[in-house]
Amino acid sequence: MTSSLNTPHMPLLQVKNLKTYFPVKKGLLGREVARVHAVDDVSFTLNAGETLGLVGESGCGKSTLGRSLIQLDRPTSGEVFFEGQKINDLDFASLKKVRAGLQMIFQDPFSSLDPRMSVERIISEPLRLHRIGDKKSQGAIVKDLLKKVGLPESALNRYPHEFSGGQRQRIGIARSLALRPKLIIADEPVAALDVSVQAQVLNLLGDLKKEFGLTMVFISHDLGVIKYFCDRIAVMYLGKIVEYAGSDDLYKNQIHPYTRALFSAIPLPDPTAKLERIILKGDVPSPIHPPSGCRFHTRCPFVTDICKTAVPDLVEVKPGHFAACHHKDQFLNQKGAPT
Ligand code: SF4
């Protein structure tokens, strides 16, 4: 992404040319034979109090990007700055201190909670690990967090399997807030929940975001959820950000053909409205051998020769709206998919 995306004041999170590759190993000696290009040259900034939505199909790299921001997956190259401090080359002890300010909410609340620990121990664990307060003050914090996520005090001595999916996600959210983080990475936080409880958990996250003054990276494949929740949206395809814009702007005018295809798949509230669905040809190519030039060229209905050889830069096409497409002018100010 071009440097014009950088904001004049110091952002809470700044990501520069981030790449996270995973080795593909073969043979008895585990020789590296290839690399999965999960995140490939991603840059963006996020100001305090904002929520950035990361969208794209499964395997586009959005979850790896989230994990790389918090250093659960260590990036191959590039830089991640949190509150101005570069965090991607910190040693374990220094990273542990920084992590107090950066927390993650996972998709599957069951596998992310230790089934052998009581709710009290699960929520207080970050406080113990960071040696914050004594047992009494930790207990008070845990009770307060339980209340904030809408669970009764009687939950304290129970175990994860005794709760529903929505309640388990509430426990996970309480745990992620224990250290009063500034930035939360929420990775598909409602995708594993029944539709009936998704709205409850989203409302809870919205309320907590206001109350705690949280900044968020919200990862989802659900554009309805993203619209409800995010100030800005980054659309990812095969490890790269292909479009980046304010939420309202993007819902009115999608510029990149991939974004247009994604948005055309959103069900319309009016069943009589005519939907021009853009069906993409073929499967998502392998991130081990991503296509040359524009990574979307093997599926794009507008592909031309230049798309197959030259990588399009992510450039600002109108204030705050960036797209990576050689033919972006063709789609500028065209009405996007109806939403
Ligand atoms: Fe399609 Fe070419 Fe634009 Fe890529 S650069 S999205 S292939 S028109």
Checking understanding here: applying a Kyte-Doolittle mean of at least -1.0 and a length along the axis of at least 24 Å (C-alpha), which whole DSSP H helices in the chain pass? 195-212
Per-pair calculated FRET efficiency, R0 = 25 Å: Lys147 and Glu125 via Cβ, rounded to 0.05: 0.85
Please report the net charge: other residues with Cβ closer than 9 Å to the Cβ of His256, K and R +1, D and E -1. +1
Determine the calculated [θ] at 222 nm for the chain from helices alone, applying -39500 (n - 2.57) to every DSSP H run no shorter than 4 residues and normalising by the residue count; nearest 500 deg cm²/dmol. -8500 deg cm²/dmol
Spelling it out for Arg35: with amide H atoms placed in the peptide plane at 1.01 Å from N, the residues 5 or more places away or on another chain with amide H under 5 Å from its amide H are Val24
Local charge sum around Cys307 (other residues, Cβ-Cβ under 12 Å, Lys/Arg +1, Asp/Glu -1)? +3
Restricting to the chain, what percent of DSSP beta bridges are antiparallel, rounded to 5? 65
Extension reserve of the Asp305-Asp91 stretch, reckoned as 0.36 nm per residue once the Cα distance is removed: 72.5 nm
Within straight cross-link reach of Lys308, meaning Cα distance under 19 Å, which aspartates and glutamates are found once same-chain residues fewer than 8 apart are removed? Asp40, Asp41, Glu243, Asp283, Asp329
Region 138-247 - charge dipole about Cα centre, Lys and Arg +1 at Cβ, Asp and Glu -1, debye rounded to 20: 340
Of the accessible area of region 88-152, with the probe set at 1.4 angstrom, what percent is carbon plus sulfur? 55
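Using 0.36 nm per residue of separation minus the Cα-Cα distance, give me the extension gain between Ser58 and Tyr228 in nm, one decimal. Write out the running numbers ahead of the final one.
Values: separation 170, 0.36 × 170 = 61.20 nm, distance 2.06 nm.
Full extension from Ser58 to Tyr228 adds 59.1 nm.
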Report Rg/Rh for the chain, rounded to two decimals, where Rg is the Cα radius of gyration and Rh the Kirkwood radius. 0.99
Distance between modelled label sites at Glu316 and Arg277, nm, 7 Å Cα→Cβ extension: 3.8
Can you work out the FRET efficiency for the pair Ser292 and His161, with r the C-beta to C-beta distance and R0 = 56 Å, to the nearest 0.05? 0.70
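Could you order peptides 111-117, 169-175, 291-297, 231-237 by the average number of other Cβ atoms within 10 Å of their residues, highest first? Mind dumping the intermediate values first?
Numbers: 111-117: 14.0, 169-175: 25.0, 291-297: 20.6, 231-237: 23.4.
Peptide ranking by packing, descending: 169-175, 231-237, 291-297, 111-117.
Using the structure shown, select from Lys16/Lys147; Lys16/Lys281; Lys182/Lys281; Lys19/Lys210; Lys62/Lys210; Lys252/Lys281 the pairs with a Cα to Cα distance greater than 30 angstrom.
Details: Lys16/Lys147 39 Å; Lys16/Lys281 32 Å; Lys182/Lys281 41 Å; Lys19/Lys210 32 Å; Lys62/Lys210 24 Å; Lys252/Lys281 24 Å.
Checking Cα-Cα distances, Lys16/Lys147; Lys16/Lys281; Lys182/Lys281; Lys19/Lys210 exceed 30 Å.
The values are calculated or read from the model by the stated rules, or taken from the named source; none is laboratory data. Note that the coordinates shown come from a computational prediction; the quantities given were computed from them, not determined experimentally. Note that we place each Cβ from the backbone using ideal geometry, even for glycine, and neighbour counts take in every protein chain shown. Ligands, DNA and RNA are excluded from the accessible area calculation, which covers all protein heavy atoms including side chains. Shrake-Rupley method; radii C 1.70, N 1.55, O 1.52, S 1.80 Å.
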